[in-house]
Amino acid sequence: MGLNAVDMVVESRAGRRESLAALIAAQVPGHSLSQCFYNDPGIFERDMERMVLGHWHCAGHASSVANPGDFFTIEIGRESVIIVRGKDNQLRALLNVCRHRGSRVCTEQAGSTRGGFVCPYHAWFYDTDGQLKVARQFPEGSSRDDYGLKQVHLEVIEGLVFICFAAVPPGLGHLRRALAAGVGQYGWKDARVAHRQSYTIDANWKLVLENYWECYHCSPAHVEFSRAHATARSLHGDPELIERMTAKAAAMGITFEEMDHLAPLNAPGEEPADCYRSPLEADCVTGSEDGKPLAPLMGRFTGYDGGVTFNDCGPTSNFLAYPDHGMMYRFMPRSVDRTDMEVIWLVRGDAVEAVDYQLDRLTWLWHVTSLADKRIIDLNQQGVSSAYYQPGPYTEMECWTQRFVEWYLAEIS
Ligand code: FES
Ligand code: FE
């Protein structure tokens, strides 16, 4: 197996060599991808180059780095990035690669530093803005100014921290509009992180995203989710519930500009993003075990509208907002058959745990749902890796997954 970077040849398990272009052309429209797209290390490298390094990704919520010196690290593929608020109050994305001989510098997942970061290898010391401050026996004639930690692009939109590795990143106008139309109305910029949890999925990242983009699996795999979310029943939702949700939001002065979710990924030169609404079942007001409220109302909401709002941004960042809490999904490809899925629960910025909400109640639904997703996606990879796997047809309820796959093929072409 492997992809030659020059002639882009993929060698199949059976020893057949085919160009990537020929493989893409051979994909059957409306069907899942051929096996090599899910298990070939060379194609994974191409995915990293085009889909990961070339796009914006949500790294977390700004409330996790509220004060100077606060930081957290994230891992994407082979890259590690330190998101840190400098002493100058600026948020930066520093590459976690020492400028001496390349060691990881920061080994903690999150924390707060008064000084900066000390490399564990030979103790070069970097300030919170990435500048190299101390390096013992630093070579004469060289300048420490030339050896600061490298940075990647960082933008905060509606409280969400986005980073991009590309020299010239995709535009963010479309994404900003989508988030303002969606999570912006739920006051996410003033929210705070109530809980974050990481799930390691033993599958190619595209299987994880294909799963996220469809609810065909919801009724068999997510009994708990399906109890509250009408989207588990049909693609277009129940017209009566949609009408009720729209009217209730309008009565609070809230209207939504939905951005076409069948074509969310179609703004040339711009990072793709969408915004769409979905009703909850009639006896439910939020995404909880019993459909009852979980936490203080957020943003512009003065009551419950019986709906949930989705925003999907770029290839790996997906969000959903209820009137009383928010869910962030971050999908981080790590290797050809391993993906980290981080789930972050948001509440209103002034909400106090055990007073305004109970953490176990808040996290129950999306924890059991995420565990179930891990199970079905792991099984999906196992089957896709079989010599007998053959791409099968997407159903109508998988139309967004189909759209995602079509966009992916265009991006890696
Ligand atoms: Fe970091 Fe040497 S590799 S100080
Ligand atoms: Fe699921």
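The values are calculated or read from the model by the stated rules, or taken from the named source; none is laboratory data. Note that the structure is predicted; figures quoted are calculated from it, not measured. Neighbour counts run over all protein chains shown; Cβ positions are idealised from the backbone, glycine included. Just so you know, the surface numbers come from the protein's heavy atoms only, side chains and all, with ligands and any DNA or RNA stripped out. Shrake-Rupley method; radii C 1.70, N 1.55, O 1.52, S 1.80 Å.
If each residue of separation counts as 0.36 nm, what is the full-extension length gain between residue 75 and residue 108 once their alpha-carbon separation is subtracted? My answer for the length gained is 10.7 nm. My understanding is that a pair violates if its Cα-Cα distance is over 26 Å; which of 150/374; 87/133; 248/292; 189/374; 87/150 do that in this structure? Table pairs above 26 Å Cα-Cα are 150/374; 189/374.
How much length is gained if the chain between residue 389 and residue 236 is pulled fully straight, taking 0.36 nm per residue apart and subtracting their Cα-Cα distance, in nm to one decimal?
Working: separation 153, 0.36 × 153 = 55.08 nm, distance 3.06 nm.
Contour length minus Cα-Cα distance gives 52.0 nm.
Applying a DSSP loop filter and a limit of 16 other Cβ atoms within 10 Å to the chymotrypsin sites (Phe, Trp or Tyr not before Pro) in region 81-124 leaves 121.
Look at the alpha carbon pairs under 8 Å that are at least 6 residues apart: their mean separation over the length of the chain gives a relative contact order of 20 percent. Residues of region 275-316 with an amide N closer than 16 Å to a point placed 7 Å from the Cα of residue 355 along the Cα-to-Cβ direction: 295-297. Computed over the chain, the per-residue total of -39500 (n - 2.57) for DSSP H runs of n ≥ 4 gives a 222 nm mean residue ellipticity of -7000 deg cm²/dmol, rounded to 500.
Treating only the Cβ of Lys, Arg, Asp and Glu as charged (+1, +1, -1, -1), what charge dipole size does the chain show about its Cα centre? Round to the nearest 20 debye.
On the way: 38 positive and 53 negative charges, 233 e Å.
Computed charge dipole of the chain: roughly 1120 debye.
Could you state, as a whole-number percent, how many of the C-alpha pairs of region 255-351 are farther apart than 23 Å? Percentage above 23 Å: 36. Each residue, residue 122 and residue 282, gets one label point 7 Å from its Cα in the Cβ direction; the gap between the two is 7.2 nm.
Classify region 130-209 from the C-alpha gyration tensor, please: rounded if a/c falls under 1.5, else prolate or oblate depending on whether a/b exceeds b/c. In terms of gyration-tensor shape, prolate.
Among rounded, prolate and oblate, which fits the chain when a ≥ b ≥ c are the square roots of the eigenvalues of its C-alpha gyration tensor, a/c under 1.5 means rounded, and a/b larger than b/c means prolate? Walk me through the numbers on the way to the answer.
Values: a/c = 1.95, a/b = 1.14, b/c = 1.71.
Since a/c reaches 1.5 but b/c is at least a/b, the shape of the chain is classed as oblate.
Rounded to the nearest 0.05, the FRET efficiency derived from the C-beta distance between residue 411 and residue 31 at R0 = 25 Å is 0.85. 3J(HN,Hα) couplings calculated from phi for region 295-308 with the Karplus curve 6.51 cos²θ - 1.76 cosθ + 1.60 (θ = phi - 60°) are, in sequence order, 7, x, 4, 10, x, 7, 7, 10, x, 9, 9, x, x, 9 Hz; Gly and Pro show x. Estimated at the nearest 10 Å², the accessible area of residue 20 is 10 Å² with a 1.4 Å probe. Of all the options 126, 276, 147, the one that moves most in a Gaussian network model of the chain with Cα springs shorter than 10 angstrom is 147. Using a Förster distance of 35 Å, how high is the FRET efficiency between residue 270 and residue 375, based on the Cβ-Cβ distance and rounded to 0.05? It comes out at approximately 0.50. With a simple spin-label model that places each label point 7 Å from the Cα along the Cα-to-Cβ direction, the separation between residue 258 and residue 289 comes to 3.2 nm. Per residue, region 46-188 exposes an accessible area of 44 Å² to a 1.4 Å probe, with every protein chain left in place. Give the residues of region 374-413 whose amide nitrogen is closer than 18 Å to a point set 7 Å from the Cα of residue 166 in the direction of its Cβ. Those under the cut-off are 404-413. Let a ≥ b ≥ c be the square roots of the eigenvalues of the Cα gyration tensor of region 343-413; is it rounded (a/c under 1.5), or, if not, prolate (a/b larger than b/c) or oblate? Cα axes put region 343-413 in the prolate bin. Computed from phi, the 3J(HN,Hα) profile of region 105-119 under the Karplus parametrisation 6.51, -1.76, 1.60 (θ = phi - 60°) reads 9, 9, 10, 8, 6, 6, x, 9, 10, 7, x, x, 10, 9, 5 Hz, with x in place of Gly and Pro.
Highest GNM mean-square fluctuation among 122, 367, 153, for the chain modelled with Cα contacts below 10 Å: 122.
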